[in-house]
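The values are calculated or read from the model by the stated rules, or taken from the named source; none is laboratory data. Remember, predicted model here, so these are calculated numbers, not experimental data. Reconstructed Cβ throughout: ideal geometry from the backbone, glycine too, with neighbour counts over all protein chains shown. Note: areas computed on protein heavy atoms with side chains; ligands, DNA, RNA excluded. Shrake-Rupley method; radii C 1.70, N 1.55, O 1.52, S 1.80 Å.
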Amino acid sequence: MKNFLKIMAVVCLAIVAAIPVSAQQYTIKFATLATDGTTWLNVMREYDAAVRKESGGRLGFKLYAGGVQGEDKDVMRKIRLGQLHSAGITGVGVGEISSKLRIHDAPFLFENPAEVDFFLKTFEQELNAEFAKNDFVNLGWAEVGFVYVLTNKPVRSVADMNGVKMWAWEGDPIAAAAFQSLGVSPIPLSVTDVLTSLQTGLINGAYTAPLAAVALQWNTRVKYMLNVPLADASGAVVVSKKKFDTLPPDLQEILLRNGRKYMGELTRKSRDENAAAIQTMRKNGVTILEVADPNMLKEFAATGKKARQSLVGKLFDQDFLNRVEKAIADFRATQRGKK
């Protein structure tokens, strides 16, 4: 009998030893348009690895990359249905959560990254409250980058936009307002149709961040880039509040803290790579058009203000727009005063 008990004890110890100390208990299903090898996905994998390590393996992401779950609107619908929990989204996806948040992408609102950082810091609580009100948690802003107009005819002024067959992301009110203020009736298409449409001549103009232009090969089908930022394209990693609330407090803290860390790192890398992408485009034959005339710059700024005003009552209210524009104008004046 004693020998039997000893044998059973040894067996039980062996079974216990074979069980992982902290088996994964929580999986976050995450989708993104980013493909393998891109900085977006590389940083997301680093984020996942950090979360797994700090949680002792209890929490991790299951990544669906390369748009296999669809574009932003498809992914947000699947999150609401519970088929997915989290996503890396552009401003279009952010707008599916709250139209107010699209002010980040508003035309000609920002002139440089410092203004973007100031805006996000100043309005952080209000923006995150907007996510929460609509049943999402913002794990971190990760901008796509400043967006520029790419064309097959030289554009240095608002008047030069006449005759451009410009693409606009289908269903995006920001793009529609921006180009209408520039006197252009854009042609709405999905992102996946842009390269083919440039090849066939259905469109001869598009807009995106330089890094995306190179990654999507749009730069091979255009001749010019207007070096005046049209907008800062926002991006964020979000998780449904329903999924977030199932996590114990310690895992919520790990997820949020690392989200801020790694999305901040992604933004810094994205800015560096966008700057490098402009040089790549230049080397590959795209002419970068500078605008030296201050009157032309003022004209672009005026069209931006007109476009933003047209979105009042549709995406955000007048008070919010006024507060954001004043905050940025004050910051801009302060920065110019330091020079």
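Being open to solvent by 40 Å² or more (accessible area, probe 1.4 Å), under 20 Å from P107 (Cβ atoms) and not aromatic (F, W, Y): is that true of N274 here?
On the way: open to solvent by 40 Å² or more (accessible area, probe 1.4 Å): no; under 20 Å from P107 (Cβ atoms): yes; not aromatic (F, W, Y): yes.
Answer is no for this residue.
K100 meets each of the listed conditions (1) touching a Phe, Trp or Tyr at 6+ places or on another chain (Cβ under 7 Å); (2) crowded, with 20+ Cβ neighbours inside 10 Å apart from (2).
Out of P173, P188, I need the residue that is surrounded by fewer than 23 Cβ atoms within 10 Å (Cβ to Cβ) and in contact with an Asp or Glu (Cβ under 7 Å, 6 or more places away or on another chain). Which one? Break it down stepwise before answering.
Values: P173 fails: in contact with an Asp or Glu (Cβ under 7 Å, 6 or more places away or on another chain).
Just a single option satisfies the conditions, and that option is P188.
Can you tell me which residue is most open to solvent (accessible area, probe 1.4 Å) among those in region 214-265 that are assigned to a helix (DSSP H, G or I) and either modelled with pLDDT under 95 or of a type in the set (F, W, Y) (or both)? Out of the qualifying residues, it is A215. Scanning region 23-32 for residues that are touching a helix residue (DSSP H, G or I) at 6+ places or on another chain (Cβ under 9 Å) and under 14 Å from S86 (Cβ atoms) yields Y26, I28, K29, F30, A31, T32.
Residues being surrounded by fewer than 22 Cβ atoms within 10 Å (Cβ to Cβ) and within 13 Å of the chain's Cα centre (by Cα): count how many of those fall in region 70-89. Before the answer, list the steps.
Just the residues of region 70-89 that are surrounded by fewer than 22 Cβ atoms within 10 Å (Cβ to Cβ), to begin with: 70-71, 73-74, 77-78, 80-83.
Now narrow it down to the ones that are within 13 Å of the chain's Cα centre (by Cα): 71.
Matching residues across region 70-89 total 1.
If you go through region 299-322 and keep only what is touching a residue at least 40 places away in the same chain (Cβ under 8 Å) and part of a helix (DSSP H, G or I), you end up with E299, F300, A301, T303, G304, K305, K306, A307, R308, S310, F320, L321.
Looking only at region 65-93, which residues are among the basic types (K, R) and modelled with pLDDT of 95 or more?
Taking region 65-93 as the starting set, the residues that turn out to be among the basic types (K, R) are 73, 77-78, 80.
Of everything in region 65-93, those that are among the basic types (K, R) and modelled with pLDDT of 95 or more turn out to be R77, K78, R80.
Would you check if F110 is open to solvent by less than 50 Å² (accessible area, probe 1.4 Å), in a loop (DSSP other than H, G, I, E, B), in contact with a Phe, Trp or Tyr (Cβ under 8 Å, 6 or more places away or on another chain) and modelled with pLDDT of 95 or more? In short, yes. Please go through region 51-69 and pick out each residue that is in a loop (DSSP other than H, G, I, E, B) and crowded, with 17+ Cβ neighbours inside 10 Å. Listed by number, the residues that qualify are S55, R58, A65, G67, Q69.
Do the conditions hold for M296, that is, is it modelled with pLDDT under 95 and surrounded by 15 or more Cβ atoms within 10 Å (Cβ to Cβ)? Yes: the conditions hold for M296.
Report yes if some residue within region 132-144 is at pLDDT 95 or above, over 21 Å from T208 (Cβ atoms), assigned to a helix (DSSP H, G or I) and charged (D, E, K, R); otherwise report no. So far as region 132-144 goes, yes, one or more of its residues are at pLDDT 95 or above, over 21 Å from T208 (Cβ atoms), assigned to a helix (DSSP H, G or I) and charged (D, E, K, R).
Checking each residue in region 24-48 for being under 25 Å from E273 (Cβ atoms), open to solvent by 60 Å² or more (accessible area, probe 1.4 Å) and either in a helix (DSSP H, G or I) or touching a His at 6+ places or on another chain (Cβ under 9 Å) (or both) picks out N42, R45, E46.
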